[in-house]
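Single-structure report; data block below.
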Amino acid sequence: MKFFNTQLINAEMPEEIREHMMGHKYHDPVRGAYYTPDPEDLKKVYVTYMEHVTISERLPITMDAFRELKIQNNRLCDMVSEMKKELKELKGEV
């Protein structure tokens, strides 16, 4: 945890998100009662800082390439969904 926290402090990740990712409770009960982070937003933030907490000499892929692959994957998933819908229509299932 110390490595994770230190790296993310050095990378200037916001404290609230960093503490949440480490499973820490808020010291301020009011903040904890009114702030519930969105898991999808946390994923996006983590991907942004992933290179800072990866323990290897270099990442197997650059962050820009990772983001591009994610965009391509989303497009392909959309295409597959559309093709499934078309197939159902052709089979007369809709």
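We did not get these values from a lab; they are worked out from the coordinates using the rules stated. Keep in mind it's a predicted model, so treat the numbers as computed, not measured. With ideal geometry, Cβ positions are generated from the backbone for all residues, glycine too; neighbour counts draw on all protein chains shown.
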For residue 48 paired with residue 25, estimate the spin-label separation in nm (one decimal), with each label point 7 Å from Cα along the Cα-to-Cβ line. 2.9 nm
Between helix 63-91 and the chain, what is the angle of the helix's C-alpha long axis to the longest principal axis, kept within 0 to 90° and rounded to the nearest 10? 30 degrees
Please list, in order along the stretch 48-56, the HN-Hα scalar couplings obtained from phi with the Karplus expression 6.51 cos²θ - 1.76 cosθ + 1.60 (θ = phi - 60°), rounded to whole Hz, x for Gly and Pro. 4, 9, 3, 4, 7, 10, 7, 9, 6
Based on the Cβ-Cβ distance of residue 10 and residue 72, what FRET efficiency does E = 1/(1 + (r/R0)^6) give at R0 = 25 Å, to the nearest 0.05? 0.20
When a footprinting reagent is the concern and you count Cβ atoms within 10 Å, what order do 49, 26, 34 take, fewest first? 34, 26, 49
With +1 on each Lys and Arg Cβ and -1 on each Asp and Glu Cβ, how big is the dipole of the stretch 1-58 about its Cα centre, in debye rounded to the nearest 20? 160 debye
Remind me, what semi-axes does the chain give for its equivalent ellipsoid, largest first in whole Å, using sqrt of 5 times each Cα gyration tensor eigenvalue? 37, 22, 8
